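Beneath this line is the structure, given in structure tokens, with notes to follow.
The values are calculated or read from the model by the stated rules, or taken from the named source; none is laboratory data. These numbers come from a predicted model, not from an experiment. Glycine gets a Cβ as well: all are built from the backbone with ideal geometry, and neighbour counts include every protein chain shown. We work out accessible area using only protein heavy atoms, side chains counted, and drop any ligands, DNA or RNA first. Shrake-Rupley method; radii C 1.70, N 1.55, O 1.52, S 1.80 Å.
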Amino acid sequence: MTILNDHPILVAVVVLLFSYVVRVIYNTVQMRRFMRDKPGPPHHPIFGHLQAMGEISQALPKRVHPHVFAYHLQKKYNLGQVFYLDLTPVSDAMIINLSPEAGQDIAQNSGLHKHPKVGKFLDPLLGEGNMVTSDGAQWKKWRSVFNPGFALQHLMTQVPLIVDCTNIYVQNLEKQVVKGEVFRLEDEATKVTIDIIGKVVCDFEFKTLTADSLFLDYMRKALSWMPDTQSFNPFHIYNPIRPLMLRYYKWRLDQFIGSILDERFSTRSTSEPKTRRKAGIDLALESWFKENAGQDVDSKTATMDPEFRKYAINQLNTLVFAGHDTTASTICYAYYLLGKNPSALFKIRAELDSIFGPGVNASSQLVSDPYLINKCEYVLATVKETLRMFGPASTARIGRRDYFIRDPDTGTMFPTDDLLVWTPSSSMGRLPNLWPEPDKFNPDRFMPDNADKVVPNAWRPFEKGPRNCIGQELAMLELKIMLALTIREFDICGAFDELKELEDDGSLWTKDSSFQTGPQQCYGDPAYQVLLAAAKPREGMPVRITKRAMR
Ligand code: HEM
Ligand SMILES: *[C@@H]1O[C@H](CO)[C@@H](O)[C@H](O)[C@H]1NC(C)=O
């Protein structure tokens, strides 16, 4: 005992550690008791569902996005639409929902808040109070500030700039055609989606398509320091350098967006007619001027309070991030799936030929008549089908004592108290009871003639209800335009059997070679999604591209 008497700090550490261990054990025992008789995989009195989970993850690629686990658990253990997963103390205890009906109730009526884990994961990148992970008044305020900027009517006025950016992206793809090598399509897709969202949200030319971009560099670096998977490797998760590097790059991103905001603030003319300007940045500033009405509202002399400025920067950053990453991943999968499915590819090209004319570049027609894009039903169906199979995001909420999930099969009401409540929509997109031949890419499912066969609320890649995706109309518009301007021009094929040909660009994809061992397919497909903030295509979607002769 003398050692301890002489070292009060050591005593403190031992006491802390001990109480921590006791708490973990206590919580785990409580949870095991609660989960014992709940529907779910075989439950072990000591290990809970950790064994079952371990077996599932061993059969899947190491880096695969965890949102596919729900599908695989349900299938392997023949579970119902709602089941529990007890992963304490390694991860969270959760209730997983694969029912469209219950999903709708959670999204529309529950009022459940975002799970703190999502904030813990995303806040270092998106900042405090950001619109994706915040709740209550803070969220509501900013959501209503930005809503007008994402209304469809306003977005249609943005079609010309979307077309412009896409044309530059086409030129970049042409350079890849000339090079003739396997490349990571996600790189080019990220650039075009950043340039578009940068213009829509900040009214600023990010120019990532045409020049080396600091913003893009910081964004990629920040991403590369995000935790890679819901890894079971504690050294990976608790790497002490990680939060520091992430904080550094977040700071660089803030500086970048901050200077755009300051510039805009100082040049904002108060005499402007109650503006038509709906770029996110203008809407944010407008809200500042409203809040400060009556004070010195002349921007020439006024200064933005640091508190407002910080939150505004976080929101703009969030919009730029959420507005490019998911969309870039989706366009990659659209090309990949079309490349693998000649009959769908034939149909989408035939539709574009019939609307814009065979061999006619659609860009000038879209600029003069943006609403032509709404005629492209098969293009829309293609995007929807892509999102069914490879949706990049889902919603994770924190359960409440008074909120129960109703299993539509049995009518049982399942408690959610304090659990992670998860509706992994892309697992839902693969369920054979909802989607006949779920692993088959078939855009016809979403053609108007088949509308009555789609199970209500089963397609929810943007989620629904008050916390649905603010950018969904923009995303759909962008994705349709990108396809309309490229899919007749190029042949693009996945090249997962040529991964070795890829350049080692040292950033997102090549860090951990252990990812290359073990199973390399999910849903029978090598193009599985990995967890990198949202879900990105594995290895940045390696493809080969050739130019088609336009007929
Ligand atoms: C294919 C593209 C996209 C998909 C699949 C997608 C999906 C989603 C999903 C599932 C959510 C709910 C997340 C949750 O509950 O935690 C969400 C929220 C959000 N998305 Fe998207 N998104 C896409 C594109 C965009 C775009 C283009 C923007 C443009 C700004 C955007 C901005 C946001 C924001 C700000 C939220 C939080 C909204 C709120 O909570 O009020 N997303 N998105
Ligand atoms: C279509 O036309 C635009 C400009 O009119 C051009 O920038 C773009 O590269 C063209 N697309 C193709 C595939 O030739």
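How many Å² of accessible area per residue for the chain, probe 1.4 Å?
For the chain, the solvent-accessible area averages 45 Å² per residue.
Tabulate in residue order the Karplus-calculated ³J(HN,Hα) for the range 451-464, using 6.51 cos²θ - 1.76 cosθ + 1.60 with θ = phi - 60°, rounded to whole Hz; enter x for Gly and Pro.
Coupling constants for the range 451-464: 3, 6, 8, 7, 5, x, 6, 7, 9, 9, x, 9, 6, 9 Hz.
Full-extension gain between E205 and D135, please, as 0.36 nm times their residue separation minus the C-alpha to C-alpha distance.
Values: separation 70, 0.36 × 70 = 25.20 nm, distance 3.12 nm.
Between E205 and D135, full extension yields an extra 22.1 nm.
Okay, helix-only estimate at 222 nm for the chain: each DSSP H run of n ≥ 4 adds -39500 (n - 2.57), divide by all residues, round to 500 deg cm²/dmol; what do you get? List each step's numbers first, then the result.
Working: 20 runs with 269 residues, N = 551.
Taken over the chain, the calculation gives -15500 deg cm²/dmol.
Please give the length that would be gained between D452 and T517 if that part of the chain were fully extended, namely 0.36 nm times their separation in residues minus their C-alpha to C-alpha distance (nm, one decimal). All intermediate terms of the calculation are to be shown ahead of the outcome.
Values: separation 65, 0.36 × 65 = 23.40 nm, distance 4.33 nm.
Between D452 and T517, full extension yields 19.1 nm more.
Under 26 Å from the Cα of K547, which lysines turn up, not counting those fewer than eight places away in the same chain?
Cross-link targets: K175, K179, K191, K207, K340, K347, K375, K384, K480, K500, K536.
Quick check: the distance between the Cα centres of the range 16-46 and the range 369-403, to the nearest angstrom?
37
Once whole DSSP H runs in the chain are found, which of them have Cα atoms spread over 18 Å or more along the helix axis and a mean Kyte-Doolittle score of at least 1.0?
On the way: long enough: 8-35 (40 Å, 1.39); 159-179 (30 Å, 0.37); 185-202 (25 Å, 0.59); 241-267 (39 Å, -0.28); 306-340 (51 Å, -0.01); 342-356 (21 Å, 0.48); 377-390 (19 Å, 0.31); 472-486 (21 Å, 1.05).
Sorted by number, the helices that extend far enough and score high enough are 8-35, 472-486.
When the label point is put 7 Å from the Cα of R33 along its Cα-to-beta-carbon vector, which residues of the range 407-433 have a backbone N closer than 13 Å?
Nothing falls inside the zone, counting backbone N under 13 Å.
How big is D for the range 316-436, in µm² s⁻¹ as a whole number, if Stokes-Einstein is applied with the Kirkwood radius of its Cα pairs at 37 °C and 0.692 mPa s?
Numbers: Rh = 17.8 Å.
Diffusion coefficient, whole number: 184 µm²/s.
For the chain, which whole-number percentage of the solvent-accessible area (1.4 Å probe, protein heavy atoms only) is attributable to carbon and sulfur atoms? It would help to have the intermediate numbers written out before the result.
Values: 14260 of 24930 Å².
Carbon and sulfur atoms account for 57 percent of the accessible area of the chain.
Looking at the P(r) of the chain, how many percent of alpha-carbon pairs lie beyond 33 Å? Intermediate results must be reported in sequence, preceding the final value.
Numbers: 68192 of 151525 pairs.
So the pairs more than 33 Å apart make up 45 percent of the total in the chain.
Starting from a Cα-only point model with no solvent, please compute log10 I(q)/I(0) by Debye for the range 392-474 at q = 0.16, 0.18, 0.21, 0.27 1/Å.
-0.80, -0.97, -1.18, -1.36
Relative contact order of the chain, please, whole-number percent, based on alpha carbon pairs below 8 angstrom and at least 6 residues apart. Please list the in-between numbers first.
Values: 796 pairs, mean separation 134.6, N = 551.
With pairs under 8 Å counted, the relative contact order is 24 percent.
Report the Stokes-Einstein translational diffusion coefficient (µm² s⁻¹, integer) for the range 152-202, Rh taken as the Kirkwood radius over Cα pairs, at 10 °C with viscosity 1.306 mPa s. Can you show the working numbers first?
Details: Rh = 11.9 Å.
Once the numbers are plugged in, D ends up at 133 µm²/s.
I need the calculated FRET efficiency for the pair M413 and V178, taking r as the beta carbon distance and R₀ as 60 Å, to the nearest 0.05. Please report the intermediate quantities before stating the final value.
Details: r = 61 Å, r/R0 = 1.02.
According to the calculation, E is roughly 0.45.
Which residue, S110, S224, A350, has the largest displacement toward the positive end of the dipole of the chain when charges sit on each Cβ (Lys, Arg +1; Asp, Glu -1)?
S110
Can you list the lysines whose alpha carbon sits under 16 Å from that of K120, skipping same-chain ones fewer than 8 residues off?
Cα-Cα hits under 16 Å: K250.
Tell me, in nm to one decimal, what length is gained between C493 and L372 on full extension, where the rule is 0.36 nm per residue of separation less the Cα-Cα distance?
On the way: separation 121, 0.36 × 121 = 43.56 nm, distance 2.77 nm.
Stretched fully, the C493-L372 segment lengthens by 40.8 nm.
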